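A short worksheet on the structure shown next.
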Amino acid sequence: MTDFVRPILNPPGGQKKVLLHSCCAPCSGEVMEAMLASGVDYTIFFYNPNIHPEREYLLRKDENVRFAEKHGVGFIDADYDKDNWFARAKGMEWEPERGARCTMCFDMRFERTALYAHEHGFPVITSSLGISRWKNMAQINDCGKRAAAKYDGVEYWDYNWRKGGGSARMIEISKREEFYQQEYCGCVYSLRDTNAHRRAGGREPITLGVKFYGQDSTEGEG
């Protein structure tokens, strides 16, 4: 990364104030450093009530707080209203990854992000969710745009954070910082299905809180 020259990022409308919805430190690390390099004034909004169990939620949040504090970036710690998330997921328990349940989940998180942006004067919102190769970028962007469209003066920035080696730098930063390495997307149904897949392949189920990038790890869910 030492020889990489970052392009100058230009948020929509020439705005320099951005609310970044972050799902975790590994995914947001590259996004954060890219915006810092371009002088974008951004604040992190951590709203992820899908993450289960609470121990996993706290592991991911604390890593994100640690990295934000390192860079002097503001961090908004939103509610962990998991009961609301489970209520909205009812009937979608067996939807596949990237299916209707994921759309609901992205909608819920972006709706709260857009509302906060509207109430606190952020003209642009964006998210680190799309940098992971495990995610459907079009699905995420559609949800972000739909949430922002509810409020005049709020726009969703659909920048492709993967391009120009962004996904590779995400892993490099994660290893450099030794971020906690999650091994499933986040929700209890993702954990269930990931463990089922591991058992089918003769692997042990996931143990929370033990894997960290740069410590003999392989690329995780992110």
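Residues in segment 28-43 that are surrounded by fewer than 21 Cβ atoms within 10 Å (Cβ to Cβ) and in contact with an Asp or Glu (Cβ under 7 Å, 6 or more places away or on another chain): none. Only one entry in 138, 147, 168 is within 24 Å of residue 76 (Cα to Cα) and either part of a helix (DSSP H, G or I) or of a type in the set (Gly, Ala, Ser) (or both), namely 147.
Each row is one residue, and each column tells you yes or no for (1) farther than 17 Å from residue 162 by Cβ; (2) crowded, with 17+ Cβ neighbours inside 10 Å; (3) of a type in the set (Asp, Glu); (4) touching a residue at least 40 places away in the same chain (Cβ under 8 Å).
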position	(1), (2), (3), (4)
16	yes, no, no, no
26	no, yes, no, yes
45	yes, yes, no, yes
48	yes, yes, no, yes
61	yes, yes, no, no
68	yes, yes, no, no
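Flag: residue 196 does not match the condition of being under 28 Å from residue 119 (Cα atoms) and among the small types (Gly, Ala, Ser). Scanning segment 29-69 for residues that are of a type in the set (Ser, Thr, Tyr) and under 26 Å from residue 104 (Cα atoms), we see that the one that is nearest to the chain's Cα centre (by Cα) is 47. Checked against (1) at pLDDT 95 or above; (2) buried (at least 17 other Cβ atoms within 10 Å of the Cβ); (3) over 30 Å from residue 13 (Cα atoms), residue 159 meets all criteria but (3). One residue stands out among those in segment 110-152 that are in contact with a Phe, Trp or Tyr (Cβ under 9 Å, 6 or more places away or on another chain) and among the hydroxyl-bearing types (Ser, Thr, Tyr): the one that is surrounded by the fewest Cβ atoms within 10 Å (Cβ to Cβ), which is 116.
Take the conditions (1) on the phi > 0 side of the Ramachandran plot; (2) more than 17 Å from the chain's Cα centre (by Cα); residue 186 misses just one of them, which is (2). Just to be sure before I move on: is residue 9 within 20 Å of residue 132 (Cβ to Cβ), more than 18 Å from the chain's Cα centre (by Cα) and not β-branched (Val, Ile, Thr) in the structure I sent? Spelling it out, residue 9 is indeed within 20 Å of residue 132 (Cβ to Cβ), more than 18 Å from the chain's Cα centre (by Cα) and not β-branched (Val, Ile, Thr). In segment 209-222, the condition of being of a type in the set (Lys, Arg), assigned to a loop (DSSP other than H, G, I, E, B), in contact with a strand residue (DSSP E or B) (Cβ under 8 Å, 6 or more places away or on another chain) and touching a residue at least 24 places away in the same chain (Cβ under 8 Å) is met by at least one residue.
Taking (1) under 18 Å from the mean Cα position of the chain (by Cα); (2) surrounded by 16 or more Cβ atoms within 10 Å (Cβ to Cβ) in turn, residue 194 satisfies each apart from (1). Of all residues in segment 172-186 being assigned to a helix (DSSP H, G or I) and in contact (Cβ under 8 Å) with a residue 60 or more places away in the chain, which is surrounded by the most Cβ atoms within 10 Å (Cβ to Cβ)? Per the stated criteria, the residue is 174. In segment 110-128, the residues that are more than 22 Å from residue 167 (Cα to Cα) form Cβ pairs under 7 Å with partners that are aromatic (Phe, Trp, Tyr), at six or more places apart or across chains, as follows: 112/47; 113/45; 113/47; 114/151; 116/45; 118/151; 124/157.
Quick grid of which residues meet (1) over 24 Å from residue 56 (Cβ atoms); (2) among the polar types (S, T, N, Q); (3) in contact with a strand residue (DSSP E or B) (Cβ under 8 Å, 6 or more places away or on another chain):
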{"residue": "114", "(1), (2), (3)": "yes, no, yes"}
{"residue": "163", "(1), (2), (3)": "yes, no, no"}
{"residue": "176", "(1), (2), (3)": "no, no, no"}
{"residue": "185", "(1), (2), (3)": "no, no, no"}
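The values are calculated or read from the model by the stated rules, or taken from the named source; none is laboratory data. This structure is a prediction, so every number in the text was calculated from the model and none was measured. Neighbour counts run over all protein chains shown; Cβ positions are idealised from the backbone, glycine included.
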